[in-house]
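The values are calculated or read from the model by the stated rules, or taken from the named source; none is laboratory data. Predicted, not measured: the structure shown is a model, and the values here were computed from it. Every residue, glycine among them, receives a Cβ derived from its backbone with ideal geometry; neighbour counts consider all protein chains shown.
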Amino acid sequence: MLDNEPKLIRDAQKGKGECFGQLYDHYLPAIYRYVFMKVSNKHEAEDLTHEVFMSAWQNLERYKFKGFPFSSWLYNIAHNRVIDFYRTKKSHADIEEVDEGFIKVVYALDKIIDTSLEIEKVHAALQEMTDEQQDVILMRFMEDMSHRDIAAAMNKTEGAVRLIQHRAMQNLRNMLSDKKQDTSNDNGRTTV
Amino acid sequence: MEEQLFKTLKAFRNIKPDQSYAEKSRRMILSVPRTAHPIANIFQRLADTVKYSVALGMAMVMVFLMIGGFSYFKVTNLSPLVLTSFDESNGLQQEAQGLDFRIQLGQAKYFDEATQQVADSEREINALLDKIAL
């Protein structure tokens, strides 16, 4: 959250574009990441993120500070926008249909981190989870958001968010261990 | 594994939008003027309608008053054309004029009767003088 966020929001609500610009600069990376992880396509993520901020700018007077950060409101818009996107697209992006832009990002991240869990596998496991579980995992562990802020973004109670997180982590562990087993089995077969 | 999973999830934080995209998108968003909320629009339109209706209504009332519309409905007290009849000096003048006229008629009758009496008296005096002379 920005230090002078409430003032920036008030000024932006009065129509001061530069104040909204500051909010945009601060929250763009997080919202873009969230959308990118949901759609797995660079260009679609860019289009959707643009629409999220355009919608926020056009409907800024609807935002009222009730103890939740501005980011929760933006995530809420992004969440709804992604749902609309899949509703019109009719199907979720298949990991095999992931675009080149995404693959480049995955390879870049693989070089950054030193872990036995490959980025692509974690992403594939996330894609197999429900929308709610994906949202909670991304907001909680990728963005370090509190349960309270996640609950505000998802229009749910904190208890419900904790429950979703618990199930999501269980799913993720199971899926990743299955994938690990599959990989070791495949390796075993090739060596035989 | 748990630790590696969190580490991998944290690694996704390195995903960032292109700088050129961010700048272009920012420019495009801020170049669009903000449109008011639909509900706010409704209230604005309603306020405009009321404002213009009141102005039009007031103008019509003024015209109505100017052409003496109230007298048409027998609301004489408010008609500017009828208000002149409440001018007391005008009424008294008319009354006084009527009084003068009646006074003049009375005087004419008096003078007419007096002349007749004088003529009669002169005739009687002349007759008496003639008798004395004889």
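Of note:
- Test result for A:His43, at pLDDT 90 or above, crowded, with 18+ Cβ neighbours inside 10 Å and part of a helix (DSSP H, G or I): no
- Within region A:114-124, restricting attention to residues that are free of Cβ contacts under 8 Å to residues at least 40 places away in the same chain and part of a helix (DSSP H, G or I), the residue that is farthest from A:Asn41 (Cα to Cα) is A:Ile119.
- Yes/no for B:Ser20 being more than 7 Å from chain A (Cβ to nearest Cβ) and at pLDDT below 90: no
- The helices (runs of 4 or more DSSP H) found wholly in region A:125-192 and carrying at least 2 residues that are within 14 Å of chain B (Cβ to nearest Cβ) and modelled with pLDDT under 95 occupy A:131-137, A:158-191.
- Residues that are crowded, with 16+ Cβ neighbours inside 10 Å, more than 25 Å from A:Ile150 (Cβ to Cβ) and more than 7 Å from every other protein chain (Cβ to nearest Cβ), drawn from region A:1-40: A:Asp11, A:Cys19
- Residue in region B:92-99 that is more than 30 Å from A:Gln58 (Cβ to Cβ), under 32 Å from the mean Cα position of the chain (by Cα), at pLDDT 70 or above and not in a helix (DSSP H, G or I) present: no
- Among the residues making up region B:29-52, those that are assigned to a helix (DSSP H, G or I), modelled with pLDDT of 75 or more and more than 7 Å from every other protein chain (Cβ to nearest Cβ) are B:Ser31, B:Leu46, B:Ala47, B:Asp48, B:Thr49, B:Val50, B:Lys51, B:Tyr52.
- Residue within region A:64-77 that is free of Cβ contacts under 8 Å to residues at least 40 places away in the same chain, assigned to a helix (DSSP H, G or I) and within 18 Å of B:Gln19 (Cα to Cα) present: no
- Only a single item in (1) out of contact with any Phe, Trp or Tyr (no Cβ under 8 Å at 6 or more places or on another chain); (2) away from every other protein chain (no Cβ under 14 Å); (3) buried (at least 16 other Cβ atoms within 10 Å of the Cβ) is not met by A:His50, and it is number (2).
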